[in-house]
Amino acid sequence: MNGSSTDDQSTTTETTSTVAAPVTMTPPIGSAGSVVLDQEQGLEAESRKLPSSRFKGVVPQPSGRWGAQIYEKHQRVWLGTFNEEHEAAKAYDTAVQRFRGRDAVTNLKLLPLDTEEARLEASFLNSRSKAEIVDMLRKHTYNDELEQSKRNKSLQKNPFTDRFGSGKTANAREQLFEKAVTPSDVGKLNRLVIPKQHAEKHFPLQIGNSSKGVLLHFEDIGMKVWRFRYSYWNSSQSYVLTKGWSRFVKEKNLKAGDIVSFQRSTGPDKQLYIDWKTKSASSNMNPEPIQPIRPVQMLRLFGVDILSGDNDNT
DNA sequence: ATTTGTGTTGAG
DNA sequence: TCAACACAAATG
């Protein structure tokens, strides 16, 4: 049934190949019915015994392939069959993270904390039901769907048309507020003053945290995450972004009068976003654009996204 | 004709 | 919860 195609799941060089490519020790010759296989470690008497997998959630198949399964409430959930043992292990890893959370024990998956890849995949995982994830794994389409999700996310992040055009919020992000930065906001003070009105409305501080401050995560247009310390300064009775702010000013080459804007995801994740633009023109006028936006690429992505409608999501 | 993946059991 | 085993159901 799934003999070939849709094989592009892992990063290994496993290309599409039918069962006729047995690189491993498992001989796919004939089904494990009663075929006697000598040469196999001299275990003639147990020739029909299947080899155990060293991976959790992975079981051998009589065909020589590997099945993946996970248990939930005394019940097995089948995750599909795979040509390679590690492919099945990967499927289990994905499933177990969706079923039991980020801290679940996995077989192979390194847990690159704090990387954008990890964030995107975590977001993608939770945006789908368990059944949907299982379906993707069984059909070997999980990686494709994940990549497509990433593309959509990056499109969704592009606010240029929205904010410079009509200012309407058609995205899954809501505009919180904007501020024209002052000379001191981009100067040596290394801090951004957040107007009290907006600060108290959108970034409320706990009573205990007001002096100490909290760490806020913002994502920019290039999906780069910025971490700013946010606190209240009693001396000036103002709310400020301090640690981390100067790096943003430097990288974006912010000048006095430029506009910084803050958004927040309308979804349940409450992800915060930060962006900027020059006073009277688009940010493309930046002499050193670190994250150059290419309208051409954006359009191309749009086209691909719209045209690739061959998914059979339930 | 093959292979899947479910039914089932027993160990941990 | 987990995998080993057997085999009816599913698939080609």
Going through (1) surrounded by 15 or more Cβ atoms within 10 Å (Cβ to Cβ); (2) modelled with pLDDT under 90; (3) out of contact with any strand residue (DSSP E or B) (no Cβ under 7 Å at 6 or more places or on another chain); (4) under 17 Å from A:Tyr273 (Cα atoms) one by one, A:Val249 fails only at (2)
Note on the stretch A:189-222: residues free of Cβ contacts under 8 Å to residues at least 12 places away in the same chain and assigned to a loop (DSSP other than H, G, I, E, B) are A:Leu189, A:Pro204, A:Gln206, A:Ile207, A:Gly208
All-but-one check, A:Gly80 against (1) within 16 Å of DNA strand B (Cβ to nearest atom); (2) free of Cβ contacts under 8 Å to residues at least 60 places away in the same chain; (3) open to solvent by less than 10 Å² (accessible area, probe 1.4 Å); (4) not aliphatic (A, V, I, L, M), failing number (2)
Query - Flag for A:Ala68 being surrounded by 21 or more Cβ atoms within 10 Å (Cβ to Cβ), within 13 Å of DNA strand C (Cβ to nearest atom), under 24 Å from the mean Cα position of the chain (by Cα) and under 19 Å from A:Arg128 (Cα atoms) - result: no
Inside the stretch A:148-178, the number of residues satisfying the requirement of being at pLDDT 90 or above and either open to solvent by 70 Å² or more (accessible area, probe 1.4 Å) or not hydrophobic (A, V, I, L, M, F, W, C) (or both) is 3
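The values are calculated or read from the model by the stated rules, or taken from the named source; none is laboratory data. Note that this is a predicted model, so its numbers are computed, not measured. Quick reminder, even Gly has a Cβ in these numbers, built from the backbone with ideal geometry, and neighbours come from all protein chains shown. Quick note on the areas: whole protein, heavy atoms, side chains included, nothing else; ligands and nucleic acids left out. Shrake-Rupley method; radii C 1.70, N 1.55, O 1.52, S 1.80 Å.
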